[in-house]
Amino acid sequence: MKIILVGCGKVGTALARQLSEEGHNVTIIDTNKARVEHISESYDVMGITGNGSSITTLSEAGIEEADVFIAVTGSDELNLLCCTIAKKAGGELAAIARVRNPDYSEELSYLRQQLGLSMIINPELEAAREIARLLSRPQALTVSAFAKGHAELVRFKIPKGSILHGRRVMQLDDIFHFGYLVCAVENEGHVVIPDGSTMLHEGNDITILASSREAHRIFESIGMYQNSVKSCMIIGGGKSSYYLAKQLIEQKMEVKIIESNKERCDELSTLLPEALVICGDGGDEELLKEEGIDSAEAFVPLTGLDEENILLTLFAKRVPGLKTITKINRITFNDVIDGLELGSVIYPKYITSEAIIAYVRARQNSIGSNVETLYHIFDNRVEAIEFRIGADAPVIGVPIMNLKLKDSLLIACINRGGKIIFPRGQDTIEPDDTVIIVTTHSGFGDISDILR
């Protein structure tokens with residue numbers, strides 16, 4: 001497909017790379033000439049230096065032939081303006097805008113309908129939702145929701161002395177007395193899609209899919225159970241902190257925010273009267289101790305600096321049993337970050353790009369199936385994709401044991417009207433099911449891609 005991408009920041013760069021790797025014809029637009037040249041030289045994309053809201057620039061980019069238009073500049077208003085003009089100037093294209101301002105957060109559905117946009121995504125709001133999910137499963141490194149919240153993909157590290165150590169995947173039915181599927185295992189940096197003979201060891205990162213009602217039983221069964229946290233200390237008072245605090249307060253959690261800007265503290269106190277807002281330096285060790293970091297159950301640094309978030313997390317991990325979640329905006333140095341053992345790490349840029357990539361794949365393949373949800377796990381080495389099955393899909397009615405599936409791939413579960421099915425060989429996929437696939441392959445856009 002022909003895709004025009006306006007804005008070449010971190011999200012724009014990630015999208016340009018992913019979309020070009022998936023074979024799309026991508027044109028990027030940005031006012032920063034050096035940035036445009038760098039991205040166009042690094043990836044197989046065409047670059048134009050200019051204003052994405054200018055009809056002249058859009059015409060040069062080929063707006064009339066574009067299938068998808070994406071605006072991810074640093075300005076919400078510019079993104080909306082670019083999409084509005086693109087919709088007028090282009091054909092039957094899909095327009096996607098990034099909108100981050102909390103003032104618009106309650107109006108996203110209205111804006112999308114009135115402006116005729118296909119998607120509006122708020123990365124800070126989505127990051128806050130992911131953090132809130134993690135606080136309900138504090139033992140997990142990541143928690144990804146599928147099947148409209150009916151299923152969860154839970155990733156955690158097997159602790160020392162765990163009953164999982166030395167067992168093969170086929171032997172886990174003795175431990176887990178509920179529906180589940182082991183979807184991926186990482187051992188010493190190598191990720192595999194497991195079969196029954198795969199051996200588990202302490203220190204492995206393991207990903208298990210279960211229904212949302214029973215996901216907590218994963219940890220109960222192996223002696224890692226911990227209640228969802230009841231109190232959280234947030235460092236920084238930006239957009240992400242506001243969205244997170246609002247969600248946690250709705251969940252009846254005690255929230256403390258430490259922010260250095262007095263004016264912003266006053267704003268947050270008005271917006272979030274149930275939260276305790278402290279005006280001070282969140283990087284001050286003595287202040288953190290005075291404000292009770294030793295008694296908090298969760299600690300989430302959401303400053304604008306990755307380095308400060310990392311240092312704060314490393315300091316907080318000295319507190320026994322404290323759940324830490326680190327927000328990182330930079331999308332490089334992943335190996336270094338993984339080596340620090342920060343625990344749960346949230347990348348808002350990936351959350352944004354994954355949602356947009358999922359939409360692009362769905363638009364490209366809208367006959368046999370649609371991509372509903374997409375997550376990358378293990379640093380993009382594994383994809384978990386949820387497909388909605390159409391009436392013409394080639395997998396319908398065929399027992400799974402008879403499907404000629406590609407290697408390194410699992411049919412993890414089937415959602416049939418809210419009922420989660422962990423399929424066996426005789427089970428079949430039917431129209432209107434959603435099916436979750438976990439694979440080390442990349443770029444799947446249609447359910448037929450799972451077949452050899």
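The values are calculated or read from the model by the stated rules, or taken from the named source; none is laboratory data. Being a predicted model, the structure only gives us computed values, none of them experimental. Counting neighbours? That spans all protein chains shown, and the Cβs are built from the backbone with ideal geometry, glycine included. Heavy atoms of the whole protein, side chains included, go into the accessibility calculation; ligands, DNA and RNA do not. Shrake-Rupley method; radii C 1.70, N 1.55, O 1.52, S 1.80 Å.
Rank these residues by their accessible area, most exposed first, probe 1.4 Å: Ser136, Ser162.
Ser136, Ser162
Show me the GluC sites (Glu not before Pro) within the stretch 265-298 that DSSP assigns to loop and that have at most 14 other Cβ atoms within 10 Å of their Cβ.
Listed in order of number, the matching sites are Glu274.
Can you tally the net charge around Val99? Count Lys and Arg as +1, Asp and Glu as -1, for every other residue whose Cβ sits under 15 Å from the Cβ of Val99.
So the environment of Val99 carries a net charge of -3.
Can you work out the base-10 log of I(q)/I(0) for the chain at q = 0.08, 0.13 1/Å, using the Debye formula on its C-alpha atoms alone?
-0.49, -1.28
For Ile249 and His177 in the same chain, what is the full-extension length gain: residue separation times 0.36 nm, less their Cα-Cα distance, in nm?
22.5 nm
With each label point set 7 Å from Cα along the Cα-Cβ vector, what nm distance links Asn380 and Tyr225?
4.0
So if each residue of separation counts as 0.36 nm, and I subtract the Cα-Cα distance between Ser105 and Lys317, what length gain in nm does that give?
73.1 nm
Using Cα pairs closer than 8 Å and at least 6 residues apart in sequence, work out the relative contact order for the stretch 14-126, in percent.
18
For the stretch 293-329, list residues with backbone N below 15 Å from a point placed 7 Å from the Cα of Glu285 toward its Cβ?
Taking a point 7 Å out along Cα→Cβ of Glu285, the residues of the stretch 293-329 whose backbone N falls under 15 Å are 293-294, 311-319.
When all protein chains stay in place, what accessible area (Å², nearest 10, 1.4 Å probe) is found for Leu305?
About 100 Å², rounded to the nearest 10.
Once you keep just the Cα pairs under 8 angstrom separated by 6 or more residues, what percentage relative contact order results for the chain?
Over the chain, the number comes to 11 percent.
Roughly to the nearest percent, how much of the accessible area of the chain is carbon and sulfur, given a 1.4 Å probe?
46
Separation between the Arg424 and Ile55 pseudo-spin-labels, each 7 Å from Cα along Cα→Cβ, expressed in nm?
Reported label-point gap for Arg424 and Ile55 is 6.4 nm.
Suppose a student asked you for the relative contact order of the stretch 277-390, using Cα pairs under 8 Å spaced at least 6 residues apart; what percent would you report?
After rounding, I find 15 percent.
Just how far, in whole angstrom, is the stretch 155-182 from the stretch 367-402 if you go by their alpha carbon centroids?
The stretch 367-402 and the stretch 155-182 have Cα centres spaced 25 Å from each other.
Grab the beta carbon distance between Ile396 and Glu64, set R0 = 35 Å, and tell me the FRET efficiency rounded to 0.05.
0.40
Could you tell me what fraction of 2.2 N^0.38 Å the Cα radius of gyration of the stretch 133-172 comes to, as a two-decimal ratio?
Here the answer is 1.41, to two decimals.
Between Arg168 and Arg452, 0.36 nm times their residue separation minus their Cα-Cα distance comes to what?
99.5 nm
May I ask which of Lys10/Lys33; Lys252/Lys289; Lys160/Lys323; Lys33/Lys349; Lys2/Lys404 have a Cα-Cα span longer than 20 Å here?
Among Lys10/Lys33; Lys252/Lys289; Lys160/Lys323; Lys33/Lys349; Lys2/Lys404, the Cα-Cα distance tops 20 Å for Lys252/Lys289; Lys33/Lys349; Lys2/Lys404.
Might you work out the accessible area of Asp294 for me, using a 1.4 Å probe with all protein chains in place, and round it to the nearest 10 Å²?
Accessible surface of Asp294 is approximately 110 Å².
What are the ³J(HN,Hα) couplings of the stretch 74-82, residue after residue, when phi is run through the Karplus curve with 6.51, -1.76, 1.60 and θ = phi - 60°? Round to Hz, x for glycine and proline.
x, 10, 4, 5, 5, 4, 5, 5, 4
Using a 1.4 angstrom probe, figure out how much accessible area the chain has per residue, in square angstrom, rounded to the nearest whole.
Dividing the accessible area of the chain by its residue count gives 43 Å².
Tally Lys/Arg at +1 and Asp/Glu at -1 over every other residue whose Cβ is under 11 Å from the Cβ of Leu403; what's the total?
Surrounding charge for Leu403 is +2.
Provide, as a two-decimal number, the C-alpha radius of gyration of the stretch 215-259 over 2.2 N^0.38 Å, N being how many residues it has.
1.45
Give the cross-link partners of Lys262 among the lysines, using a straight C-alpha distance below 17 Å as the criterion and excluding same-chain residues fewer than 8 apart.
Leaving aside lysines fewer than 8 places away in the same chain, those within reach of Lys262 are Lys239.
So how exposed is Lys419, as accessible area in Å² (1.4 Å probe, rounded to 10)?
130
Among the DSSP beta bridges whose two residues both lie in the chain, what percent are antiparallel, rounded to the nearest 5?
In the chain, DSSP labels about 55 percent of beta bridges as antiparallel.
Tell me the label-point distance for the pair Glu202, Ala89, using the 7 Å Cα-to-Cβ offset, in nm and rounded to one decimal.
6.2
Please give the net charge around His201, taking every other residue with its beta carbon less than 10 angstrom from that of His201, where Lys and Arg add +1 and Asp and Glu add -1.
-1
Of all DSSP beta bridges in the stretch 218-374, what percent run antiparallel (nearest 5)?
Counting only bridges with both partners in the stretch 218-374, antiparallel ones make up about 0 percent.
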